[in-house]
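Enquirer: Quick one: structure below, then a few questions.
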Amino acid sequence: MAQTFTFELVSPEKVVLSGEAEQVLLPGSEGDMTVLPGHAPLISTLRPGVVDVVLGGAKSRVFVRQAFAQVDPERVTVLAEKAYDVAELTGATLAAELSKAEGDLAAAKDDEARRVAHQAIDSLSRLKA
């Protein structure tokens, strides 16, 4: 059996995804990162994007917005303000999130806020396509 680690992705509403993972691909604020069992500890903010998780050989995809990850050798925890299972995303939900991201871009007061809004728009546009 492959080595695994405990994975949990949580939003304020619920535990979105939980289980023994073989690997996780995170959209880190400074670039994508793959986490495998025994990974060095770290805490990172995540840019808006898709978290890919391999649980029991099956791949799950979750779109996160305003999130951070805590990684330890035996555990990965992702806390997200918003999280949507990509397989369950509807056109209406995507349109609403895209509209919110465009509103965030229009209201952005600094370069960092504009960068995050652009990342959300890019990621959501790719999901919508």
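Enquirer: Scan the range 75-118 for residues that are touching a strand residue (DSSP E or B) at 6+ places or on another chain (Cβ under 6 Å) and of a type in the set (S, T, Y) and report the count.
Expert: The total comes to 2.
Enquirer: Of the residues K82, K100, only one is in contact with a Lys or Arg (Cβ under 9 Å, 6 or more places away or on another chain), among the basic types (K, R) and in contact (Cβ under 8 Å) with a residue 24 or more places away in the chain; which?
Expert: On inspection, the qualifying residue turns out to be K82.
Enquirer: What number goes with the only condition from (1) touching a Phe, Trp or Tyr at 6+ places or on another chain (Cβ under 7 Å); (2) over 21 Å from F5 (Cα atoms); (3) small (G, A, S) that A108 does not pass?
Expert: (1)
Enquirer: Still on this structure, please answer the following. Any residue at all in the range 110-128 that's in contact with a His (Cβ under 9 Å, 6 or more places away or on another chain) and under 27 Å from E8 (Cα atoms)?
Expert: Checked against the condition, which is being in contact with a His (Cβ under 9 Å, 6 or more places away or on another chain) and under 27 Å from E8 (Cα atoms), the range 110-128 yields no hits at all.
Enquirer: If we only count strands (runs of 3 or more DSSP E) wholly inside the range 35-129, which ones have 2 or more residues that are surrounded by 16 or more Cβ atoms within 10 Å (Cβ to Cβ) and among the acidic types (D, E)?
Expert: Of the strands (runs of 3 or more DSSP E) lying wholly inside the range 35-129, none has at least 2 residues that are surrounded by 16 or more Cβ atoms within 10 Å (Cβ to Cβ) and among the acidic types (D, E).
Enquirer: Here's a follow-up. Given the conditions (1) buried (at least 18 other Cβ atoms within 10 Å of the Cβ); (2) within 24 Å of L124 (Cβ to Cβ); (3) small (G, A, S), which single one is not true for G31?
Expert: Every listed condition holds for G31 apart from (1).
FYI, it's all coordinate maths here, none of it is from the lab. If you're wondering where the values come from, they're calculated on a predicted model, not measured in any experiment. So basically every Cβ, Gly included, is an ideal-geometry build from the backbone, and we count neighbours across all protein chains shown.
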